[in-house]
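Asker: Encoded as C-alpha cells, here's the structure I'll be asking about.
Just so you know, all these numbers are worked out from the coordinates, no wet-lab data involved. Remember, it's a predicted structure, so these values are computed and weren't measured experimentally. Reconstructed Cβ throughout: ideal geometry from the backbone, glycine too, with neighbour counts over all protein chains shown.
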Amino acid sequence: MLNGRKSLITVLASAALITSVGMIPSGSAQAQPSITDVQHRVDRLYHAAEQASERYNQIHVQLEQMRGDVKALRADEASQNQRTEQARQVVADAIVQEYEGDSLSAVGQAVVSQDPSQFVSQLSTMSAFNSLQTSRYASYVTQTKALAIRQDATQSQLDKVAQLEKAAASDKATIDKNLSDAKELLGNLQADARQRLTEASRGSTPIPADVPASGRAAIAVHFAMAQIGKPYVYGAAGPGAYDCSGLTMAAWGAAGVGLSHSSSAQYSQGTHVSPSQLQPGDLVFYYSPISHVGMYIGHGMIVNAENPSAGIKVTGLYSMPFVGAVRPG
C-alpha cells in the first residue's frame, strides 16, 4: 500500500513538473515546433510588420505635405488678418471723421473694440451707422468672413495632422510588437535550427552576372545590386540598411529620380507596365493593399529588401503575390 502511494506521488509530481515548465523532454515532437512551422509564423509576423511599416512610411509622406500646407495656411491667415485690421481701421476712421467734434462715447466704444463681431454689433446700434459709406462696411464684413474661413482651414488641417500622428504611433507599436514576437520565436529555437532557418530565408537564388539595362535604369539597378547582403531595417533608407521602399527610393534617387519612401506612393510615381513589358529597373509591387516593392533585374528575378531574416537579396518575380509594375523616370 505504501509503495503504491509513493508511485502515485511520483507520477503526480512528474505531471506537475511537465505542466509548470510548459514542455516535455526535447525528444518529443510537441516540445519543439518544426523549422518549417516557425518559418511560416515568423514570415507572417514580418509581413504584418512590413504592412504597418509601409503605412507608417506613407503617413510620414502625407504629414510632410500637410505640414507644408499648414505653414502656407498660417501665412495666408496672417496676411488676411492684416487686411481685416486695415478694413476695420478704415471704418473706424470714417466714423471719427464724420463725428469729429461731436460726442464720441458710443463711437469710441466701437473704435477701440478689437473683437470683429463685437465691433460690428456696436456699429449696428449706432445712429451713425446709416451715414457710413456702405462700401467700407461691406469691405470689412467680407474681410472678417475671409479671415474666419482661413482660420477654420488651418485648424482643420492641424486636426488631420494630429489624427495621422496618432495613426503613425499605432503603426509603430504594431511594428515593434510583431518584430518582438518574431525574435522570440527565433530565440526559442536551438542555435543550429536557427542557423538553418536563417540560411533558408536568405535563399540560394543565383545573382545574374550582368543585367541588361541602360541609362538611368542601369544606374538604379547597379545601386540596388550593390546593396545585396545588407540588412533589412523597418523605416531605413541607407546607407547601411534599408526597408523595401527605402531601397527602391535610394536606388532611383542615385539615378536622379525622386520617389517617396512608401511602396503605395511609388505605385503612382511612374508609368504602369504589364509583366510582359518589364525591363530591368522597373519597380514591382506585391500584396493587396500594396505593402512591398522590389526592382526587376531581368531573367524573371527581382532584387528587394525582403525582411529582417532575409535582408537584401535576389528572388523570383512571382515569389510573392504580384500586383503590378511601374517604370519610374
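Asker: Assigning unit charges at the beta carbon (Lys, Arg +1; Asp, Glu -1) and nothing else, what dipole magnitude in debye, to the nearest 20, does region 197-329 show about its Cα centre?
Answerer: 100 debye
Asker: Please give the net charge around Tyr267, taking every other residue with its beta carbon less than 13 angstrom from that of Tyr267, where Lys and Arg add +1 and Asp and Glu add -1.
Answerer: Around Tyr267, the surrounding residues sum to -1.
Asker: With Cβ to Cβ distances under 11 Å as the rule, what net charge do the other residues near Val257 carry (K, R +1; D, E -1)?
Answerer: Value of the local net charge: +2.
Asker: Decide, for region 237-329, between rounded, prolate and oblate: order the square roots of the alpha carbon gyration tensor eigenvalues as a ≥ b ≥ c, take rounded if a/c falls under 1.5, and otherwise choose prolate if a/b is larger than b/c, else oblate.
Answerer: rounded
Asker: Quick one: length gained pulling Ala173 to Phe322 fully straight, 0.36 nm per residue minus the C-alpha distance?
Answerer: This chain segment gains 50.9 nm when fully extended.
Asker: Here's another thing I want to ask about it. Using a Förster radius of 41 Å, what is the FRET efficiency between Asp159 and Asp210 based on their Cβ-Cβ separation? Nearest 0.05, please.
Answerer: The formula returns an efficiency of 0.15 here.
Asker: Give, as a single signed number, the net charge of other residues whose beta carbon lies under 10 Å from the beta carbon of Cys244, with Lys and Arg counted +1 and Asp and Glu -1.
Answerer: -4
Asker: Would you compute the Debye intensity of region 273-317 from its alpha-carbon atoms alone, equal scatterers and no solvent, and pass along log10 I(q)/I(0) at q = 0.22 Å⁻¹ to two decimals?
Answerer: Debye intensities relative to I(0), on a log10 scale: -0.73.
Asker: Still on this model: In nm, give the distance between the simple-model label positions of Asp93 and Val61, each being 7 Å from the Cα along the Cα-to-Cβ direction.
Answerer: Spacing of the two 7 Å Cα→Cβ label points: 5.1 nm.
Asker: In the structure shown, do any of Lys160/Lys183; Lys160/Lys230; Lys145/Lys166; Lys71/Lys166 have a Cα-Cα gap over 26 Å, and if so which?
Answerer: Lys160/Lys183; Lys160/Lys230; Lys145/Lys166
Asker: What does the highest-first list of 206-219, 315-328 look like by mean Cβ count within 10 Å?
Answerer: By packing density, highest mean first, the sequence is 315-328, 206-219.
Asker: Could you work out how much longer the chain between Lys71 and Arg44 gets when fully extended? Use 0.36 nm per residue separation minus the Cα distance between them, nm to one decimal.
Answerer: 5.7 nm
Asker: May I ask for the distance between the Cα centers of region 146-190 and region 202-265, given as a whole number of Å?
Answerer: Each part reduced to its Cα centre gives a spacing of 26 Å.
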